[in-house]
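Worksheet for the structure shown next.
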Amino acid sequence: MDKRYFTSFYETYVERIYKFVFYRVGGNKALAQDLTQDVFLKAFEAFDRYDPTLSQVSWLYTIARNHLINDHAKRRPGVDLEEIEGTLWASEDGRKVFAQQHDEQKLLEALNKIPSEDAKLIQMKYLEGWSFDDLEEVFHKKSGALRVQAIRALKKVKQHLRHPYSL
Amino acid sequence: MILWNIKRRLSSISRRATPDRDFIIALGKTLKDKGYVRTSRFQGVMFSWKRAATVLSLLGGLLVGTGTYAYVSPEVLPDSPLYGLRSTIEKVEFKVARTPAAKEKIQLKHLRRHLQEQQKLADRNYALALAHTEVLVRDLSETVKSMDRLEIPSQDEADEENMKAEEEAEARAMVAMDQEVLAELANDHKELTEDEVKIFHRVLRDQVKRTDEHVESLQELRRRDQQPNLIKRILRTQ
């Protein structure tokens, strides 16, 4: 695809990719910025090979995820990214951003207790700002099914908030 | 905690993770150094113009709709906030009229309308109606005075026998009388009671009707004088 069209591509997705990276590096702002820059530089280099018939968001998500896996392998060897992808964990800096209020902290703890795929869906939809249509490519499910799954996931979070000591 | 509250809390957390504007700009510059080019300024300008055109057309439609309502609606009276808009439109209408005769017609139309407003206002708010009467008297006085400026076009010597001098003199005499009546009314109206104001309005109505007829008669004189001239000019050229 012609690199002249990269402008709108960048402006549309920069915030979403930043948040995607941000929540997977424990809320470390400086690291999130570096990794986001790397993702977009890679995307720009590969843009003329991008097939416009494919989903833009899916293509960019793949680049971002692969870059995160490589970075994670260097920083935290022995820990699989997939294990923690559905878990919201926070560095010291991240906790300042994630949970400024007590009930937000409880909410994030509850989110960590639900199944990882549900947590990943809630995280990507409500924290990172993806639409259900975009998430079809990520979860390989129809947007309607994802909406239902999201509602059920939120109900599980609600359940954990009411009964914080339940398994 | 119901579901919408959970979504609201998640949204609040999400907003705090928004990237800094400076970072986005800096990354854009880095990409530009690598050869990333912004789409043409023209597209940006088109997008702005599109938005501006949409906003302007909405505002224009609102203004035209409001202006039409203010001008046409009989419910818009001097105590209405839209009355200023109506007055402005009337002034523009008067200025736009090209000939003195057209201006007179418009002035009379406005005068009739102001009188109707006055009557409606008197029903609702007697004190305000009385205050507005002065404006109405002034308008009527100006209309009558300006009728003096209506000119009969100059005639060829050969056409002078067609001019109805008597009719013109009579019309002008009526105009002078109207002015005298108005001068008296203008002095007296501040002392009037409610019943006297009603009588005063009736007098004003009659005055407007007579002024209307006088203007028509003067215009008729012009028309009658012009038509024979026109026919004669056509005959001369043949």
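The values are calculated or read from the model by the stated rules, or taken from the named source; none is laboratory data. All values derive from a computational prediction rather than experimental measurement. Don't worry about glycine lacking a Cβ; one is built from the backbone with ideal geometry, like all the others, and counts go over all protein chains shown.
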>> Give me the residue from the stretch B:1-10 that is at pLDDT 85 or above and at the interface with chain A (Cβ under 7 Å from one of its Cβ atoms) and, out of that set, surrounded by the fewest Cβ atoms within 10 Å (Cβ to Cβ).
In response: B:Lys7
>> So A:Leu54 passes all but one of these: (1) more than 8 Å from every other protein chain (Cβ to nearest Cβ); (2) among the aliphatic types (A, V, I, L, M); (3) under 23 Å from A:Ser131 (Cα atoms); (4) touching a residue at least 12 places away in the same chain (Cβ under 8 Å). Which condition number does it fail?
In response: (4)
> Any idea which residue in the stretch A:17-31 is nearest to the other protein chains (Cβ to nearest Cβ), counting only those that are outside any helix (DSSP H, G or I) and more than 15 Å from A:Tyr61 (Cβ to Cβ)?
Replying inline: A:Gly27
> When the stretch A:116-167 is examined, which residues are found to be among the small types (Gly, Ala, Ser), at negative phi and within 13 Å of another protein chain (Cβ to nearest Cβ)?
Replying inline: A:Ala119, A:Ala150, A:Ala153
> Taking the condition in contact with a helix residue (DSSP H, G or I) (Cβ under 8 Å, 6 or more places away or on another chain) and without any contact (Cβ under 8 Å) to a residue 40 or more places away in the chain, does B:Ala53 pass?
Replying inline: no
> Can you name every residue in the stretch A:32-51 that is more than 10 Å from every other protein chain (Cβ to nearest Cβ) and either in a loop (DSSP other than H, G, I, E, B) or surrounded by fewer than 19 Cβ atoms within 10 Å (Cβ to Cβ) (or both)?
Replying inline: A:Asp34, A:Asp38, A:Lys42, A:Ala46, A:Asp48, A:Arg49, A:Tyr50, A:Asp51
> In the stretch A:1-16, what residues are of a type outside the set (D, E, K, R), part of a helix (DSSP H, G or I) and either at the interface with chain B (Cβ under 9 Å from one of its Cβ atoms) or surrounded by fewer than 19 Cβ atoms within 10 Å (Cβ to Cβ) (or both)?
Replying inline: A:Tyr5, A:Phe6, A:Thr7, A:Ser8, A:Tyr10, A:Thr12, A:Val14
